[in-house]
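What follows is one structure encoded as structure tokens, with my remarks underneath.
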Amino acid sequence: MGLKMKLNIVNKHEYEENEDYREIVIRIPKETEKLERDFKYLGLDYNNLSIQGTHVLKCEVIDTENYSFSKEMTREILNIIDKATNLGYTTPYQDIKQIFAIINTLNEEDREKLLAVLEMKSEEISNIKDAEKYASHLDSFTLYSDVKLPENYGRRIIEDGEVFVDDIMDYIDLSKLGEDYCNENGGRQTDYGLIMQTEIFDLDKQLTKQNEDEEEFE
């Protein structure tokens with residue numbers, strides 16, 4: 001898959017101390033030699049970066065085979081960067097590079113799962129490091145991509161045998177179930193109880209045969 005990232009990066013100390021700070025825009029993956037030149041412009045040694053040396057202002061995820069994933073993943077990462085900044089966290093280049101490496105190994109199904117996990121755990125994610133933690137443990141989650149409503153999941157767990165009758169009795173409209181099933185099967189509620197016709201027969205033929213047998217007996 002052709003995954004790339006476009007990053008806006010600054011020297012963290014310069015960014016915090018000066019209004020007129022330098023900024024570079026790079027794409028990863030990128031050759032080391034070119035990265036060395038880019039980071040030199042920021043006054044940083046690419047080969048000896050400290051975790052507090054850089055700060056990523058923006059990040060755009062580019063998946064040339066899946067525009068929808070690009071859009072959604074970009075939104076999630078930007079939200080995490082903004083949240084981290086508001087909480088006083090730095091978003092280092094190294095952390096973005098690490099989550100890029102993780103995402104780059106995921107198949108399409110796991111990328112969808114990652115988006116679902118990031119949404120699910122949004123309250124618990126304060127920075128990119130937190131996102132990396134969940135991205136590295138996707139096997140701890142199961143995504144049912146075909147389940148869009150609670151009733152879909154309810155049907156799914158019944159069909160998969162994950163629950164037993166006793167588990168779901170309190171959730172079933174037994175009155176509606178009994179009424180519909182009775183009507184569909186030709187039943188009727190009488191003063192003596194519910195009567196169901198379990199075998200179809202031709203009453204006229206039965207009466208004719210009975211009369212014939214009676215005449216023969218006489």
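When Asn8 is tested against the conditions (1) free of Cβ contacts under 8 Å to residues at least 60 places away in the same chain; (2) more than 19 Å from Val61 (Cα to Cα), the lone failure is (2). Of everything in the range 95-140, what is within 9 Å of the chain's Cα centre (by Cα), farther than 22 Å from Leu7 by Cα and not charged (D, E, K, R)? Give them in sequence order. Within the range 95-140, Ala116, Val117, Met120 meet the criteria. Mind checking which residues of the range 102-119 are surrounded by 13 or more Cβ atoms within 10 Å (Cβ to Cβ) and part of a helix (DSSP H, G or I)? Within the range 102-119, Ile102, Ile103, Asn104, Asp110, Arg111, Glu112, Lys113, Leu114, Leu115, Ala116, Val117, Leu118 qualify. Residues that are under 30 Å from Gln94 (Cβ atoms), basic (Lys, Arg) and either modelled with pLDDT of 85 or more or in a helix (DSSP H, G or I) (or both) do occur in the range 127-147, at least one of them. Restrict the check to the range 70-91 and report whether at least one residue is in contact with a Cys (Cβ under 9 Å, 6 or more places away or on another chain) and either of a type outside the set (A, V, I, L, M) or assigned to a loop (DSSP other than H, G, I, E, B) (or both). Yes - at least one qualifying residue is present in the range 70-91. Being of a type outside the set (Val, Ile, Thr), surrounded by 13 or more Cβ atoms within 10 Å (Cβ to Cβ), in contact with a strand residue (DSSP E or B) (Cβ under 8 Å, 6 or more places away or on another chain) and within 21 Å of Glu119 (Cβ to Cβ) is a description that does not apply to Asp38.
Of the set (1) free of Cβ contacts under 8 Å to residues at least 24 places away in the same chain; (2) within 21 Å of Ala84 (Cα to Cα), all apply to Glu60 but (1). Among the residues of the range 143-161, the ones that are exposed (fewer than 10 other Cβ atoms within 10 Å of the Cβ) and either touching a residue at least 12 places away in the same chain (Cβ under 8 Å) or farther than 22 Å from Leu114 by Cβ (or both) come to 7 in all.
The values are calculated or read from the model by the stated rules, or taken from the named source; none is laboratory data. Computed from a predicted structure; not experimentally measured. Don't worry about glycine lacking a Cβ; one is built from the backbone with ideal geometry, like all the others, and counts go over all protein chains shown.
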